[in-house]
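Below you'll find the structure, written out as structure tokens, and then a few comments.
Nothing in this text is a laboratory measurement; each read-out follows from the coordinates by a stated rule. The shown structure was predicted, so the numbers you read here are calculated from the model rather than taken from an experiment. With ideal geometry, Cβ positions are generated from the backbone for all residues, glycine too; neighbour counts draw on all protein chains shown.
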Amino acid sequence: MMNNLLSAFSATLLMLLLAACNPASPGSAETEAPLAGADIGGSFTLTNQDGGTSSDTDFTGKYRIIYFGFTYCPDVCPIDLANLMNGLTLAEKEDPSLAEKIQPIFISIDPERDRPEQLKQYVGNFHPRLIGLTGSVDEIAAVAKKYLIIYNKRESPGFSEYLVDHSRQGYLFGPEGEPIALLPFDGTPQQVADEIKRWTR
Ligand code: NI
């Protein structure tokens, strides 16, 4: 199963690379979304940071910024999330109508430790509207597979704490849950904001 997932992931990367090598023809007004038509995403029903249930259909009509990670991540997740959410905040400042249109979502790939109360403390640090989602180990595995996120628990002998290696993606999905673009989570907030504004107008 992991091999299938990896090959699906590689195929997507390959597609992105091919897309990058094939710039829009000069003079074309509309550029197609980089992830248009890609088989990424889909339905989910998970537990949110308040202990309630959140489904993908709750966000119908809204763009979604989706990042997978875990709250105990020592460095990568907090930096990526800060970049993405600072970018969103900046985009909202530049175009206040975006606040109504975009839902940011953090999905934990460490559901055993990231329970709702843990998520609640975490997401508020990054953006006031950021939703944190968790679930059972099986529920998270199913969602991660749909969203082409690979993760692997890394335990060290003699240590009770563990890390989780995981894919980094700053996904932007559309109002029907369709994939649109990858946001530059390692870029500046302005670069993130520009990319958000580019696809959500
Ligand atoms: Ni991380």
| Counting other Cβ atoms within 10 Å, which chymotrypsin sites (Phe, Trp or Tyr not before Pro) in the stretch 89-160 have at most 11 and lie in a DSSP loop? | F159
| query | Over the stretch 112-201, what is the relative contact order in whole percent, taking alpha-carbon pairs under 8 Å and six or more residues apart? | reply | 13 percent
| Rounded to the nearest 500 deg cm²/dmol, what is the calculated helix-only ellipticity per residue at 222 nm for the chain, with -39500 (n - 2.57) per DSSP H run of length n ≥ 4? | -11000 deg cm²/dmol
| How large is Rg/Rh for the stretch 68-189, to two decimals, with Cα atoms and a Kirkwood Rh? | 0.97
| note | For the stretch 140-185, listing GluC sites (Glu not before Pro) in a DSSP loop whose Cβ sees at most 14 other Cβ atoms within 10 Å gives E161, E176
| Given a cut-off of under 8 Å on Cα pairs at least six residues apart, what relative contact order in percent is computed for the chain? | 31 percent
| remark: Taking R0 as 41 Å and r as the Cβ-Cβ distance between E155 and T31, the FRET efficiency 1/(1 + (r/R0)^6), rounded to the nearest 0.05, comes to 0.40
